[in-house]
1. Go through segment A:17-49 and give me each residue that's part of a helix (DSSP H, G or I) and over 20 Å from residue A:124 (Cβ atoms).
2. For segment A:46-61, name all the residues that are touching a residue at least 60 places away in the same chain (Cβ under 8 Å) and under 17 Å from residue A:183 (Cα atoms).
3. For segment A:78-126, what are the residues that are under 16 Å from the mean Cα position of the chain (by Cα) and under 16 Å from residue A:180 (Cα atoms)?
4. Can you tell me which of A:124, A:115, A:95 is aromatic (Phe, Trp, Tyr), assigned to a loop (DSSP other than H, G, I, E, B) and closer than 16 Å to residue A:47 by Cα?
5. Is there any pair with a first residue in segment A:1-16 that is closer than 14 Å to residue A:165 by Cβ and a second that is hydrophobic (A, V, I, L, M, F, W, C) whose Cβ atoms are under 6 Å apart and which are 6 or more apart or on different chains, and what are they?
6. Restricting segment A:154-211 to residues that are surrounded by fewer than 15 Cβ atoms within 10 Å (Cβ to Cβ) and of a type in the set (Ser, Thr, Tyr), which is modelled with the lowest pLDDT?
7. Only one residue in A:56, A:111 is at pLDDT below 95 and either surrounded by 19 or more Cβ atoms within 10 Å (Cβ to Cβ) or at negative phi (or both), so which one is that?
8. Could you figure out which of (1) within 14 Å of another protein chain (Cβ to nearest Cβ); (2) under 19 Å from the mean Cα position of the chain (by Cα) isn't true of residue A:75?
Amino acid sequence: MNMFRFLGDMTHLFSVLVLLLKIHTIKSCAGISLKTQELYAIVFATRYLDLFTDYISLYNTVMKLVYLGSSLSIVWYMRRHKLVRRSYDKDQDTFRHHFLILPCLILALLINEKFTFMEVMWAFSLYLEAVAILPQLVLLQRTRNIDNLTGQYVFLLGAYRSFYILNWIYRYFTEVHYVHWITWISGLVQTLLYGDFFYYYFHSWKNNEKLQLPA
Amino acid sequence: KEQKHPKDEL
């Protein structure tokens, strides 16, 4: 495993853990989109179906379980915890995320590495991950609130995307048969969407003003 | 025959 991949995994892990720890500690999820968090939970659940069929390494298995557990915990806190769920911006978090799931499923049925249940679910998880940040973007735009989304969370997710792209480039040039078009293209789309988020975050931070996304 | 790369990333 190369250093880019490892750093990508670690920053991804910390982004989820920082969010979970923050919700757990301050008993608030203001500014966090439940829709995005639910989409991430679906992404992990559908991608890691291979936990039951393929063993890669102890590292992979443990990381998959931690990602699944922490993202499900975030959803649990936001839906069920009596204090946390009171702080949820329900009226603002109106992005209809079901309309993202269906197109991703159709795309996965059409474009996949092999037409089997596992492969379709795997492709679906990648397409869904690419667009899962959208409800969070819409919520930010509505509330114009960056105080509650910590700088760390934004920074860690951005670092995760960047390291994974460096990892793909590195592996493409150092390994034989390493080609994953579906992963690369959906990963690139995700990074571009995220870059947009990043740009406006830093812009508003630099000018010391509240976040203004273009309408 | 095309060789399939294992899905070893997260």
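The values are calculated or read from the model by the stated rules, or taken from the named source; none is laboratory data. On a predicted model such as this, the values are computed, not experimentally measured, just so you know. All Cβ positions, even for glycine, are placed from backbone atoms using ideal geometry, and neighbour counts span all protein chains on display.
1. A:17, A:18, A:19, A:20, A:21, A:22, A:23, A:24, A:25, A:26, A:34 - these are the residues of segment A:17-49 that are part of a helix (DSSP H, G or I) and over 20 Å from residue A:124 (Cβ atoms).
2. Selection gives A:46, A:47, A:49, A:50.
3. Passing the criteria: A:122, A:123, A:124, A:125, A:126.
4. Numbers: A:124 fails: assigned to a loop (DSSP other than H, G, I, E, B); A:95 fails: closer than 16 Å to residue A:47 by Cα.
None of the others qualify; the one that does is A:115.
5. Correct list of pairs: A:4/A:163; A:4/A:166; A:7/A:163; A:8/A:163; A:9/B:10; A:11/A:156; A:11/A:159.
6. Only one residue tops the list, namely A:199.
7. Just one listed residue meets the conditions, A:56.
8. (1)
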